[in-house]
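One structure is given below, encoded as structure tokens.
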Amino acid sequence: MIKGKIIKGIAGFYYVYTTLGLVECKAKGIFRKEGIKPLVGDDVEIEVIDEDLLKGNIVDILDRKNTIIRPSSANVDQAMIIFAITHPVPNYNLLDRFLISMGQQNIPCVICFNKVDIATPSEIEELRNAYEGCGYRVLFVSASLEEGLDDIRNELKGKTTVVAGPSGVGKSSIVNALYPEANMETGDISKKIERGKHTTRHAELFALSSDTFIMDTPGFTSLYLKDIECTALTGYYPEFTHYEPYCRFSLCSHIKEPDCGIKKALSEGKISNIRYENYVEIYEELKQAKKY
Ligand code: GDP
Ligand code: ZN
């Protein structure tokens, strides 16, 4: 019996990364009976039935640290969200939604801003202030110049990381630079989208080393938040916490109320405009959603 990690599952077969290599496994009937389906990311115990052809059976799934729904997977340590500082024009609201969604699932996030080579110093500073100020690890990199790639490797080391980002931000370029064997298509978005329509995307882990895995996810353009009350939203804006005691009302939404500590901090430049505007937009959306 040896241990390994499921890195992909296709049509009833699970591919388990082990010290012997990638072993093609079937899951024994027992899982089906117990209603447990192996997931990509599962740490498993397998019996190898053919060492030459690398075939085996999964006999046990080790306790899961967590599971996430999209992409369906287990034992994710963190998410790395990649955004371009410019080109395409960044949708920070989408970034915040992603951070909130990961926060709901207790998945820590690292933010990676790509394309520093075409950004201005003031654009970089604005983002650094906005996102480092709320406690995220923030990296500034350039896939084109291969700048900052070691910082990314350091963040990923020894962990399983979901890598996400909208199309065009340079995600494929970064994954390819980190992991040339991944051989991901870069560049022409319309072609990629066209192809994406015709292929089913499976969750799949790429091994960067024996203990470091990344999972690529399809580029997304929207993210709908659910199971969150508008009044709970401030919990996902940790940089607000310090100023909330200064609000006159204890249930202040920080939008229309007078004597609001958050709006005061905003006017003094202590809270980022980008973050506050996103907060208001998402708050209104969650409030509307509650009515129906
Ligand atoms: P993806 O859709 O996020 O996977 O993005 P791609 O990796 O396909 O890159 C989209 C476009 O951005 C391509 O034309 C890349 O050449 C370009 N690109 C990627 N990284 C950088 C970068 O660091 N700087 C600049 N200027 N362009 C980049
Ligand atoms: Zn307030």
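If you take the residues in segment 126-153 that are touching a strand residue (DSSP E or B) at 6+ places or on another chain (Cβ under 8 Å) and part of a strand (DSSP E or B), which one is farthest from ligand 2 (Cβ to nearest atom)?
Quick first cut of segment 126-153, residues touching a strand residue (DSSP E or B) at 6+ places or on another chain (Cβ under 8 Å) only: 127-128, 131-132, 136-143, 148, 151-153.
Those still in the list that are part of a strand (DSSP E or B) too: 137-140, 142.
On the way: R137: 28, V138: 26, L139: 32, F140: 31, S142: 39 Å.
Restricting to residues being touching a strand residue (DSSP E or B) at 6+ places or on another chain (Cβ under 8 Å) and part of a strand (DSSP E or B), the top hit is S142.
If you scan segment 16-38, which residues turn out to be within 16 Å of S209 (Cα to Cα) and assigned to a strand (DSSP E or B)?
Those that are within 16 Å of S209 (Cα to Cα) and assigned to a strand (DSSP E or B): V16, Y17, T18, G21, L22.
May I ask you to list pairs of residues, at least six apart or on different chains, whose Cβ atoms are under 7 Å apart, with the first in segment 7-21 being in contact (Cβ under 8 Å) with a residue 24 or more places away in the chain and the second being surrounded by fewer than 11 Cβ atoms within 10 Å (Cβ to Cβ) and in a strand (DSSP E or B)?
Between residues of segment 7-21 that are in contact (Cβ under 8 Å) with a residue 24 or more places away in the chain and residues that are surrounded by fewer than 11 Cβ atoms within 10 Å (Cβ to Cβ) and in a strand (DSSP E or B), there is no close pair.
Take segment 194-224 and flag every residue that is under 20 Å from F83 (Cβ atoms) and at pLDDT 90 or above.
Answer for segment 194-224, where residues must be under 20 Å from F83 (Cβ atoms) and at pLDDT 90 or above: I214, M215.
Out of the residues in segment 167-183 that are more than 7 Å from ligand 1 (Cβ to nearest atom) and either aromatic (F, W, Y) or in a loop (DSSP other than H, G, I, E, B) (or both), state the one that is modelled with the lowest pLDDT.
Result: N183.
Against the definition (under 27 Å from the mean Cα position of the chain (by Cα), at pLDDT below 90 and not in a strand (DSSP E or B)), how does R64 come out, yes or no? Walk me through how you get there before you give the answer.
Working: under 27 Å from the mean Cα position of the chain (by Cα): yes; at pLDDT below 90: no; not in a strand (DSSP E or B): yes.
It is false that R64 is under 27 Å from the mean Cα position of the chain (by Cα), at pLDDT below 90 and not in a strand (DSSP E or B).
Please enumerate the residues belonging to segment 206-236 that are within 16 Å of ligand 2 (Cβ to nearest atom) and farther than 21 Å from G165 by Cβ. Full working, then the answer.
Of all residues in segment 206-236, those within 16 Å of ligand 2 (Cβ to nearest atom) come to 230-236.
Within segment 206-236, C230, T231, A232, L233, T234, G235 qualify.
Residues checked against (1) away from ligand 1 (no atom under 16 Å from the Cβ); (2) at pLDDT 95 or above; (3) among the aromatic types (F, W, Y):
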residue: Y237; (1), (2), (3): yes, yes, yes
residue: E244; (1), (2), (3): yes, yes, no
residue: C247; (1), (2), (3): yes, yes, no
residue: L251; (1), (2), (3): yes, no, no
residue: C260; (1), (2), (3): yes, yes, no
residue: N273; (1), (2), (3): yes, yes, no
residue: E284; (1), (2), (3): yes, yes, no
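Test of understanding: among G9, G41, which residue is more than 13 Å from the chain's Cα centre (by Cα), among the small types (G, A, S), assigned to a loop (DSSP other than H, G, I, E, B) and under 18 Å from A207 (Cα atoms)?
Values: G9 fails: assigned to a loop (DSSP other than H, G, I, E, B).
Only one candidate passes the filter, namely G41.
So if I check each of E239, E281, which one is more than 14 Å from ligand 2 (Cβ to nearest atom), in a helix (DSSP H, G or I) and touching a residue at least 40 places away in the same chain (Cβ under 8 Å)? Spell out the reasoning first.
Numbers: E239 fails: more than 14 Å from ligand 2 (Cβ to nearest atom).
Just a single option satisfies the conditions, and that option is E281.
When S101 is evaluated against the numbered criteria (1) under 27 Å from C230 (Cβ atoms); (2) at pLDDT 95 or above, which criterion, by number, is the only one it fails?
Result: S101 passes all but (2).
The values are calculated or read from the model by the stated rules, or taken from the named source; none is laboratory data. What you are looking at is a predicted structure, and each value in this text was computed from that prediction instead of being measured. Neighbour counts are summed over all protein chains in view; Cβ atoms, including those assigned to glycine, are modelled from backbone coordinates with ideal geometry.
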